[in-house]
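Chemist: This structure is in structure tokens; I'll ask about it shortly.
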Amino acid sequence: MPHDDPDHPHSLLPSDPALRVKALETILTAKGLVDPAALDAILETYEEKVGPHLGARVVARAWSDSAFRDRLLADATAAVAELGISGRQGEHVVAVENTPETHNMVVCTLCSCYPWPLLGIPPAWYKSDAYRARAVREPRKVLAEFGVALPEGQSVRVWDSTAEVRYLVVPMRPEGSEGLDEAALAALVTRDSMIGTGLPERPA
């Protein structure tokens with residue numbers, strides 16, 4: 001049945017995505033299929049309790065505490081749990097560290113596996129067919145499109161996330177950040193720098 005058929009259920013939904021979501025929520029709630037309180041709790045979790053600010057805390061701790069950094073690189077899942085971070089889509093995390101010799105970049109070539117507890121909801125480009133295909137074939141070109149120009153002597157290593165393993169890139173600590181506390185360091189860490197498609201901010 002074509003979607004422009006006036007009798008098709010889709011035609012009863014508003015065209016604006018936010019309104020469509022609200023309309024569906026209202027219908028499912030009226031039918032007793034969805035608990036609004038449970039929905040609110042889920043939204044609060046992904047808006048406030050998980051996200052890039054948690055990954056930034058992990059990176060900042062690794063930058064300022066060499067013992068934690070070693071534990072993070074050896075067993076990231078256990079190390080992030082030390083900071084009270086865990087949850088669905090973050091059961092098995094591997095941390096990979098950028099160095100002057102190697103820049104790491106993460107992709108999920110099959111779908112969009114992503115460390116939700118550490119980075120929040122994946123950006124749309126991470127799930128796109130173009131990124132998933134090109135990140136493996138031509139990572140330097142993709143990085144350049146993100147505004148990341150790497151030195152010729154620095155190689156790029158691409159890590160393919162799976163349903164079993166998700167990756168966190170530990171970017172290099174920016175110059176001029178010596179003496180900053182963990183909160184100030186965390187403010188320099190961007191979401192993209194923890195995927196490998198960006199770099200940390202430089203201190204003002």
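The values are calculated or read from the model by the stated rules, or taken from the named source; none is laboratory data. Since the model is a prediction, treat every value here as computed from it, not as a measurement. Cβ sites come from the backbone with ideal geometry, for glycine too, and all protein chains shown count toward neighbours. When the accessible area is computed, the model is the full protein with side chains, heavy atoms only, and any ligands, DNA or RNA have been set aside. Shrake-Rupley method; radii C 1.70, N 1.55, O 1.52, S 1.80 Å.
Chemist: Inside segment 69-97, can you point out the residues that are part of a helix (DSSP H, G or I), free of Cβ contacts under 8 Å to residues at least 60 places away in the same chain, surrounded by fewer than 18 Cβ atoms within 10 Å (Cβ to Cβ) and among the hydrophobic types (A, V, I, L, M, F, W, C)?
Modeler: Once the filter is applied, which keeps residues that are part of a helix (DSSP H, G or I), free of Cβ contacts under 8 Å to residues at least 60 places away in the same chain, surrounded by fewer than 18 Cβ atoms within 10 Å (Cβ to Cβ) and among the hydrophobic types (A, V, I, L, M, F, W, C), segment 69-97 yields Ala74, Ala78, Ala81.
Chemist: Looking at Asp40, Asp16, Asp5, Asp35, can you tell me which residue is modelled with pLDDT under 65 and among the charged types (D, E, K, R)? It would help to see each step written out before you state the result.
Modeler: Numbers: Asp40 fails: modelled with pLDDT under 65; Asp16 fails: modelled with pLDDT under 65; Asp35 fails: modelled with pLDDT under 65.
Selected residue: Asp5, the only one of Asp40, Asp16, Asp5, Asp35 that is modelled with pLDDT under 65 and among the charged types (D, E, K, R).
Chemist: In addition: Name the residue, out of Met172, Met194, that is open to solvent by 60 Å² or more (accessible area, probe 1.4 Å) and not basic (Lys, Arg). Lay out the reasoning, then the answer.
Modeler: Values: Met194 fails: open to solvent by 60 Å² or more (accessible area, probe 1.4 Å).
Only one candidate passes the filter, namely Met172.
Chemist: Now for a separate question. Please enumerate the residues belonging to segment 99-118 that are of a type outside the set (Phe, Trp, Tyr), open to solvent by 10 Å² or more (accessible area, probe 1.4 Å) and either within 29 Å of Glu152 (Cβ to Cβ) or out of contact with any Pro (no Cβ under 7 Å at 6 or more places or on another chain) (or both).
Modeler: Matches in segment 99-118: Thr99, Pro100, Glu101, Thr102, Thr109, Leu110, Cys111, Cys113.
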